[in-house]
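Input: a single structure, listed below in structure tokens.
The values are calculated or read from the model by the stated rules, or taken from the named source; none is laboratory data. Predicted model only: the values in this text are computed from it and were never measured. Note: ideal-geometry Cβ built from the backbone for every residue, glycine included; neighbour counts use all protein chains shown. Each accessible area value is taken on the protein alone, full model and side chains, heavy atoms only, with ligands, DNA and RNA left out. Shrake-Rupley method; radii C 1.70, N 1.55, O 1.52, S 1.80 Å.
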Amino acid sequence: MDWTMKLATAALFLGLTMVVTRDEDEGDMCLYEALSDTDAVLCKGLEVFYPELGNIGCMFVPDCNNYRQKITHWAEPIVKFPGALEGATYILVMVDPDAPSRSSPKAQFWRHWLVTDIKGIDIKKGKLQGQELSPYQPPSPPAKTGFHRYQFFIYLQEGKNISLHSKENKTRASWKMDKFLNRFHLSEPEASTQFMTQNYQDSPNYQTPGTGSSEPRDKPK
């Protein structure tokens, strides 16, 4: 019995060692870092899932596997609100409050996504079927502007007919989110979360190509 247990323990240790060694050899170590306590205050009951990353709520997008570049091209994430009331209707808002940078947010808020008429029974399961007033626009923080917060809010719609003014529809930058909320008497969000990322070219592991950056100058924040 003792000999069998020792052999099993040795095999398990060897397997774990091989996994760690393989990851280190391939440079595939990914660090999932949680947001600071200050930024984590916003994380309340909402889950946001991206391909390969899983639920990125309350986390930094890892600086590995080109995730910070991939997220600028991925389609909209799965947004799940487990606490949703099945008979209720909700509004989803996604914004970047740090446009063009957190230290100088002159274009706050950048509206990345706005969806209304979402049924509680759907978003409870991660299905986002509603009216898109602003189609999803992936995070694209400009180079040398530091980390940006990408915030998601869920509001109870309560039968209101939600719309954007023509002026609001002309641009996503400098959106007066507080005025929008007040206009439709939307109080505190039912759920919220955020994640943070920065331009992939600002990574210490990024090697500048000889041809220079291919990012368009007017790419959204």
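Per residue, how much space in cubic angstrom lies within the convex hull of the C-alpha atoms of segment 33-200? The partial results should precede the final answer.
Details: hull volume 18.3 nm³, N = 168.
About 109 Å³ per residue, rounded to a whole number.
Which value, in debye to the nearest 20, gives the size of the charge dipole of segment 33-200 about its Cα centre, when Lys and Arg are +1 and Asp and Glu are -1 at the Cβ? Don't skip to the end; give the middle numbers.
Values: 20 positive and 18 negative charges, 113 e Å.
Dipole about the Cα centre, nearest 20: 540 debye.
Among 115, 104, 71, whose Cα sits farthest toward the positive end of the charge dipole of segment 71-145 (+1 at Cβ of Lys/Arg, -1 at Cβ of Asp/Glu, about the Cα centre)?
Farthest towards the positive pole: 104.
Would you pull out the residues with amide H under 5 Å of residue 112's amide H, same chain only if 5 or more places away, H placed 1.01 Å from N?
The answer is 94, 95, 96.
Which entries in the list 80/119; 125/160; 70/119; 119/160; 127/179 go over 18 Å, if you measure between the two C-alpha atoms of each? Provide the component values of the computation, followed by the final result.
Numbers: 80/119 12 Å; 125/160 23 Å; 70/119 30 Å; 119/160 13 Å; 127/179 28 Å.
Violating the 18 Å limit, Cα to Cα: 125/160; 70/119; 127/179.
Pop a pseudo-label 7 angstrom from the Cα along the beta-carbon direction at both residue 38 and residue 52 and give the gap in nm to one decimal.
My value for the distance between the label points is 3.1 nm.
Calculate I(q)/I(0) for segment 46-98 by the Debye formula, one identical point scatterer on each C-alpha and no solvent, and give its log10 at q = 0.18, 0.28, 0.30 Å⁻¹ to two decimals.
So the normalised log intensities work out to -0.70, -1.29, -1.37.
Leaving out ligands, DNA and RNA, and with a 1.4 Å probe, what % of the accessible surface on segment 33-200 is carbon or sulfur? Mind dumping the intermediate values first?
Numbers: 3880 of 7840 Å².
Using a 1.4 Å probe with all protein chains present, segment 33-200 comes out at 49 percent carbon and sulfur.
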